[in-house]
1. Grab the eigenvalues of the alpha-carbon gyration tensor for chain A, scale each by 5, take roots, and send me the semi-axes largest first in whole angstrom.
2. Largest first and in whole Å, what are the equivalent-ellipsoid semi-axes of the stretch A:318-441 based on the Cα gyration tensor, each being the root of 5 times an eigenvalue?
3. Compute the Rg to Rh ratio over the stretch A:17-146 from the alpha carbon atoms, using the Kirkwood formula for Rh, and round to two decimal places.
4. Please work out the FRET efficiency for the pair residue A:458 and residue A:489, using the Cβ-Cβ distance as r and a Förster radius of 56 Å; give the result to the nearest 0.05.
5. On average, how many beta carbons from a partner chain sit within 10 Å of the beta carbon of a residue in A:229-236?
6. Can you compute the charge dipole magnitude of chain A about its Cα centre, using +1 on each Lys and Arg Cβ and -1 on each Asp and Glu Cβ, nothing else charged? Give it in debye, rounded to the nearest 20.
7. Can you give the average number of partner chain beta-carbon atoms within 10 Å of each beta-carbon in peptide A:385-392, as a whole number?
8. At a Cα cut-off below 22 Å, give the lysines reachable from residue A:448, other chains included and same-chain residues fewer than 8 away excluded.
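A short reminder: the numbers here are calculations on the coordinates, not readings from a lab. The model shown is predicted, which means the values in this text are computed figures rather than measured ones. Quick reminder, even Gly has a Cβ in these numbers, built from the backbone with ideal geometry, and neighbours come from all protein chains shown.
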Amino acid sequence: MDVWSSLMDGFATALTPMNFLYAVIGVLLGTAVGVLPGLGPAMTVALLLPVTYALEPTSAFIMFAGIYYGGMYGGSTTSILLNTPGESSSVVTAIEGNKMAKAGRAAQALATAAIGSFVAGTIGTALLAVCAPVVVEFAVSLGAPSYFSIMVLALLAVTAVLGSSRLRGFASLGLGLAIGLVGLDVVTGQARLTFGVPLLADGLDIVVVAVAIFAVGEALWVAAHLRRNPLQIIPVGRPWMGKQDWKRSWKPWLRGTAYGFPFGALPAGGAEIPTFLSYVTEKRLSKHPEEFGKGAIEGVAGPEAANNAAAAGTLTPMLALGLPTNATAAVMLAAFTSYGIQPGPQLFSSQGPLVWALIASLFIGNLLLLLINLPLAPMWAKLLQIPRPYLYAGILFFATLGAYSVNLQAFDLVLLLALGALGFMMRRFGLPVLPLILGVILGPRIEKQLRQTLQLSAGDPAGLFSEPIAVVIYIIVAIILVWPFIFKLIRRNRPALATGGVATPSAPEAPSGSSAHPDLPVHSESSARPEKKETP
Amino acid sequence: MTIVVGYVPTPEGEAALTQAIHEARKSNTRLLVINSSKGDALVDNRYAQDSDIQSIEDRLATQGIDHVIKQPVRGHDAAAEVLDAAEENNAELIVIGLRRRTPVGKLIMGSVSQRILLEADCPVLAVKAG
């Protein structure tokens with residue numbers, strides 16, 4: 001039992017007082033940013049990145065993992081009590097959760113969300129511990145052509161499958177890849193996109209880009225939309241569940257986990273599609289279908305479990321392949337690089353203790369989150385009463401401090417402002433942020449694999465197809481790209497069948513599109529509008 | 001002439017509203033209900049929701065009082081909104097509810113009631129909760 005003993009070593013590392021303290025800080029911070037709409041774990045990790053340079057990498061990653069899981073928990077509280085999803089992955093939770101709260105069952109909704117998240121998070125983390133080494137074993141046999149194709153798949157899938165508009169997705173991806181190109185070409189030493197500015201020769205620091213897009217862009221956006229009619233939180237006591245609620249919740253928890261983990265692990269995963277699928281499934285399987293739309297507990301239990309299992313799933317390709325599929329994982333990957341750790345399949349062998357401590361800390365974080373969320377959920381909701389000028393002044397302060405501390409040069413502050421303005425414009429015109437961040441972070445890595453492939457084949461593009469896995473993946477890529485056109489064609493030919501056969505509840509539009517917060521940038525992170533999806 | 005009442009959905013606010021209704025009936029004047037928020041936090045429990053406003057509306061209508069309910073969200077604090085409304089409408093009386101504040105709380109947060117009392121050009125009637 002190699003996995004088992006490594007994991008136990010991981011627990012030993014993660015439970016030292018210092019690391020445990022960082023886990024506690026992480027889950028508290030994560031819950032806080034999860035509760036607040038517009039702030040997310042990706043932005044928090046990016047802001048904390050420069051601050052944590054002085055720490056041991058292990059401690060820093062334990063804290064980041066806590067933030068990541070905490071964000072998933074916190075989002076559900078806001079969804080249920082305010083009908084405003086704190087995170088894009090809790091959009092679906094708001095549908096039934098807020099109805100339950102309005103019917104006076106907020107305590108049960110919060111309880112099933114928290115316990116379901118715990119169950120799914122724990123199972124998901126266990127699956128991560130089992131699956132990741134298997135994926136690594138498979139991945140070390142892959143060559144540059146296969147890697148290149150997998151990364152192409154991840155970029156295209158995230159861009160084309162998530163989000164409402166493919167055009168906007170690809171525009172954002174293009175911006176990201178362009179930002180990733182700035183600097184000296186590693187192979188030939190040519191300057192690219194530097195416009196003769198020597199300070200740009202080293203490229204744009206990923207911390208500056210991430211902080212600018214997430215924090216500064218968001219702050220400008222909020223400043224432009226500051227005044228709005230305030231909402232009221234539905235008052236709630238301590239979350240609890242009756243016997244009947246347990247009985248109705250445990251199956252959705254397990255089914256939600258089953259949806260969440262594989263979708264999270266896929267390169268186009270994300271948490272939005274599995275939460276949506278889980279909701280549809282629970283609606284169909286429920287013994288109380290009449291309660292759906294009026295506050296059915298299954299509709300909270302399933303999606304909440306799904307989004308936490310997806311969070312665990314996302315870490316599988318991130319740790320095993322160095323392939324992030326959501327914004328937080330992307331920033332964590334950037335963190336690896338900034339600590340001088342090379343992400344990829346070698347990670348498990350070269351940084352074994354760190355990786356296993358990280359996985360162990362996920363188990364610990366999950367338990368901590370259950371303990372702090374179950375009794376304290378109403379208290380977390382009080383965070384929403386903070387006047388936003390105070391909140392965002394603090395965020396801008398940290399953003400500026402962080403961007404300056406990376407290289408200690410004032411030029412980075414100019415970049416911060418310019419990219420912050422870009423982030424604002426992206427929110428204004430509905431461009432999703434995720435493809436940009438993935439483009440910036442994966443761009444240089446994908447280029448490296450491409451150059452390597454072409455060098456091996458002496459510049460012959462046929463080298464790209466020299467491995468069977470690469471060919472299979474290109475076929476999947478082609479299907480993803482062509483699918484919507486085929487789908488449209490089929491629908492045109494058989495309109496009656498297509499409209500009747502696809503179960504599309506109109507409800508997910510309600511919490512986001514309704515009066516509550518139509519302009520929340522939650523949607524811009526990666527909007528939850530699942531299209532018909534072809535998965536590899 | 002108008003009576004302006006600063007309303008918040010708390011016992012103090014209810015007391016102020018009840019008193020204001022009483023005054024309005026006595027002198028048979030128009031009642032202007034102001035419930036405002038700066039609108040810079042996502043959640044403000046002092047901003048009345050639609051159901052609250054509807055019940056006030058019904059209550060005033062059944063009592064036959066000529067009334068206007070306003071909920072300005074303009075980034076001004078409550079004192080400024082009430083004072084503005086009083087000045088604009090040439091109010092004969094402002095009714096507000098007082099709540100118990102500690103000296104330290106007042107030092108840090110300031111006091112809406114105190115500002116209205118000091119700056120209003122018309123008589124101010126301050127009531128306490130039940």
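1. 34, 27, 25
2. Semi-axes from the Cα gyration tensor: 28, 25, 15 Å.
3. 1.07
4. It comes out at approximately 0.85.
5. Counting Cβ atoms of other protein chains within 10 Å of each residue's Cβ and averaging gives 5.
6. 1800 debye
7. Other-chain Cβ atoms within 10 Å of each residue's Cβ, averaged: 4.
8. Partners within reach: none.
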